[in-house]
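Below is one structure, written out as structure tokens, with a few remarks after it.
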Amino acid sequence: MNVEMKNSFLDADELQRQADEYRLGILDMTISGNGGHIGGSFSVIEMLTALYHRILKHDPKNLEWEDRDRLVFSKGHCCLALYNVLAGTGYFPKERLKTYYQDGGLTGHTTYGKVPGVEATAGSLGHGLSISVGMAVAAKHQNRDWRVFTILGDGEINEGSVWEAFAAGPQFGLDNLIAVIDCNGYESLGTVDEIMSIEPLPERLRSFGWAVREINGHDMTEVLSTLGQIPFEQGKPSAIVSRTNKGNGVSFMENVFKWHYRELSEEEAEQARSELMARIEQ
């Protein structure tokens, strides 16, 4: 619980600045790796920053601590965001971020057992919430009070296995299970609405028996307030529909689907860095 205690004094503005510093790290890794899932990493970074710096019960120095909260990063292709936060909270040295896409270095999807702090492999989309259901059931059976958070992408919800997990959570009364859906509106080839609409998502989740909150995922105050209210209802799993912008923080990336995965030119990299520095310094 060391990180939670150490960072509990950070206010929303300071956490937002931290999120933008992580954006710079994501940018650096995309440049050095000659590509990366930068758009979705930028959209989810406020949520990850709030979770690891304020909400999760965890200790980077004790990876096997049984009573830690678990976070399953189901949208594993956006590992640039998770890697930066894990390094920033002490799970591994920041120097290791430079090994992204290098032989023997950090991989392009999260892999269990390869990176400290990664709770599940997420190479294929659609499995994370099912894994989390199993973890939450185990906690209930053992009478433990740790919680399981799952970060999903909105395009990922096209997978049928996700809806099986949405059905299972309420069936087993898993109020220790939290699903955060990063709804940036885009997936690899276009908008989610064009490819396979999931709306009205909050109403669909409620019909499955989830307690739901819909928020602005880039408003750190709202993110913190909402996470602090979990569980939203006793006996029900909690779902946060986090409305975000793909590529948030860099003007030419925002809501442009080609930034799902892309390499930056020198001019693009310079402009992105300039815009992010301006956000940090304001």
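The values are calculated or read from the model by the stated rules, or taken from the named source; none is laboratory data. Just so it is clear, the structure is predicted and the values come from calculations on it, not from any experiment. Don't worry about glycine lacking a Cβ; one is built from the backbone with ideal geometry, like all the others, and counts go over all protein chains shown. Note: areas computed on protein heavy atoms with side chains; ligands, DNA, RNA excluded. Shrake-Rupley method; radii C 1.70, N 1.55, O 1.52, S 1.80 Å.
A few comments on the model shown:
- Expected 222 nm ellipticity per residue - DSSP helices of 4 or more, -39500 (n - 2.57), all of the chain, to 500: -12000 deg cm²/dmol
- GNM result for the chain, Cα springs below 10 Å: residue of GLU267, GLU21, GLU119 fluctuating most strongly: GLU267
- Karplus (6.51, -1.76, 1.60) ³J(HN,Hα), θ = phi - 60°, over segment 160-167, in Hz, Gly and Pro reported as x: x, 4, 5, 6, 5, 5, 4, 6
- In Å², nearest 10: area of MET196 left accessible to a 1.4 Å probe: 110
- Going through [x] 15.4; [y] 13.5; [z] 16.5, the figure that equals mean projected area of the Cα convex hull in nm² as computed for the structure here is [y].
- Using alpha-carbon coordinates, inclination of helix 128-141 to the longest axis of the chain, degrees: 40
- Remark: accessible surface ordering of THR30, THR99 (largest first) is THR99, THR30, probe radius 1.4 Å.
- For the listed residue pairs LYS114/LYS246; LYS114/LYS236; LYS57/LYS94; LYS94/LYS258; LYS61/LYS246; LYS61/LYS258, the alpha carbons are over 30 angstrom apart in LYS114/LYS236; LYS61/LYS246; LYS61/LYS258.
- Computed with a 1.4 Å probe over protein heavy atoms only, the accessible surface of the chain comes to 42 Å² per residue.
- Two-site label geometry, PHE172 and GLU95: point separation in nm, points 7 Å out along Cα→Cβ: 4.2
- Long-range HN-HN contacts of LYS236 with modeled amide H, under 5 Å: ASP175
- 3J(HN,Hα) from dihedral phi, segment 236-251, Karplus parametrisation 6.51/-1.76/1.60, rounded to Hz, x for glycine, proline: 10, x, 9, 10, 10, 8, 9, 7, 9, 10, 4, x, 3, x, 10, 4
- When you count the other C-beta atoms within 10 angstrom of each residue and take the mean per peptide, 165-171, 109-115 line up highest first as 165-171, 109-115.
- Principal-axis tilt of helix 38-50 within the chain, Cα atoms, nearest 10 degrees: 50
- Comparing ASP20, ASP103, ASP175 in a Gaussian network model of the chain, where Cα atoms under 10 Å apart are tied by springs, the biggest mean-square fluctuation is seen for ASP103.
- Considering only alpha-carbon pairs that sit under 8 angstrom and 6 or more positions apart, the relative contact order computed for the chain is 23 percent.
- Relative contact order (%) - segment 1-160, alpha-carbon pairs under 8 angstrom, separation at least six: 25
- Length gained when the stretch LYS114-PHE252 is fully extended (0.36 nm per residue, less Cα-Cα span): 46.3 nm
- Sparse-neighbour loop sites [GluC sites (Glu not before Pro); segment 189-235; at most 14 other C-beta within 10 Å; DSSP]: GLU233
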